[in-house]
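S.K.: Below: one structure in structure tokens.
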Amino acid sequence: MPKLILLIIIAASTAAFAADAAAQDRGAAESGFADKDFRNRRKALESLGEVKEPWKMDLLKKSLSDEDPVIREKAARLIGKSKDKAAYKLLTDSLKSSDNDTRLGAIDGLRDLGDKRAAAPLAALLSHPDRNTRWKAAEALGSLKSDNGVAALQKAAAQDKDEFVRKAAVESLGKIGSQRARTALNALRAGADKRLAGWAGNVLKAMGAK
């Protein structure tokens with residue numbers, strides 16, 4: 001019995017020590033994020049990337065509204081890489097931001113998160129007025145490999161005014177690789193736009209299609 005009591009005491013002491021250490025780590029991180037110098041806040045954000053504690057998401061969420069655009073964008077990407085259950089909502093909410101850096105970071109974050117539910121909100125961004133938003137959304141849809149993005153990608157490939165967006169849409173259809181995506185690519189290949197037809201043909205060829 002004395003030995004069992006000793007083991008319980010040791011376990012309790014270890015848990016208390018770990019909790020105290022975690023509290024100190026959070027305090028240090030919060031202090032870094034409160035620094036007026038954006039360079040120190042960036043360093044605090046970088047160090048947060050390796051943290052596994054649940055309070056990490058609280059600090060990342062706050063960083064989405066930091067005055068420094070680099071911090072806003074990187075925070076969104078870290079949220080995606082965290083795979084936390086709260087990440088999807090945080091990032092899809094950030095897609096609605098009027099701030100380009102926050103929105104672009106959220107697109108990358110959703111790509112890294114890999115949640116196929118993101119195909120619908122990302123597809124909606126293919127009609128966004130910002131060219132970089134459309135381009136990144138097109139690329140992210142290819143990474144998600146969801147048929148829910150095929151129709152929007154086909155439309156973007158055929159109609160977007162920016163060549164880079166159009167080409168990214170075609171390439172993403174190839175990455176999705178489903179029968180629905182192949183059908184879209186064949187339609188683009190058969191269209192009147194020779195350049196677009198060439199892109200679609202090259203993608204289909206790379207996919208092994210005749």
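S.K.: Give me the percent of Cα-Cα pairs in the range 122-210 that sit more than 22 Å apart, rounded to a whole number.
M.R.: Tail fraction, whole percent: 15.
S.K.: Run the dipole for the range 122-210 about the Cα centre, Lys and Arg Cβ at +1, Asp and Glu Cβ at -1, nothing else charged, and hand back the magnitude in debye, nearest 20.
M.R.: Charge dipole of the range 122-210: 280 debye, to the nearest 20.
S.K.: Fully extended, how many nm does the chain gain between GLN179 and SER65 (0.36 nm per residue separation, minus their Cα-Cα distance)?
M.R.: 36.9 nm
S.K.: Estimate the FRET efficiency between MET207 and ALA187 by the formula 1/(1 + (r/R0)^6), using the beta-carbon distance for r and 25 Å for R0, to the nearest 0.05.
M.R.: Computed FRET efficiency for MET207 and ALA187 comes out at 0.95.
S.K.: For the chain, what is the calculated [θ] at 222 nm in deg cm²/dmol (nearest 500), taking -39500 (n - 2.57) for each run of four or more DSSP H residues and dividing by its residue count?
M.R.: -23500 deg cm²/dmol
S.K.: Can you pull the percent of Cα pairs in the chain with separation above 21 Å?
M.R.: On the way: 13237 of 21945 pairs.
The calculated P(r) of the chain puts 60 percent of pairs beyond 21 Å.
S.K.: With unit charges on the beta carbon (Lys/Arg positive, Asp/Glu negative), name the residue among LEU204, ASN100, ALA118 whose Cα is farthest towards the positive pole of the charge dipole of the chain.
M.R.: Ranked along the dipole, the leading option is LEU204.
S.K.: How large are Rg and Dmax for the range 34-148 when calculated on the C-alpha trace, in angstrom?
M.R.: 13.7, 45
S.K.: I would also like to ask the following. Greater than 30 Å separation of Cα atoms is the criterion. Which listed pairs, LYS83/LYS136; LYS43/LYS145; LYS83/LYS194; LYS43/LYS83; LYS85/LYS205, meet it?
M.R.: LYS43/LYS145; LYS83/LYS194; LYS85/LYS205
Every number in this text was worked out from the coordinates using simple rules, so none of it is lab data. Since we're looking at a predicted model, the values are computed, not measured. So basically every Cβ, Gly included, is an ideal-geometry build from the backbone, and we count neighbours across all protein chains shown.
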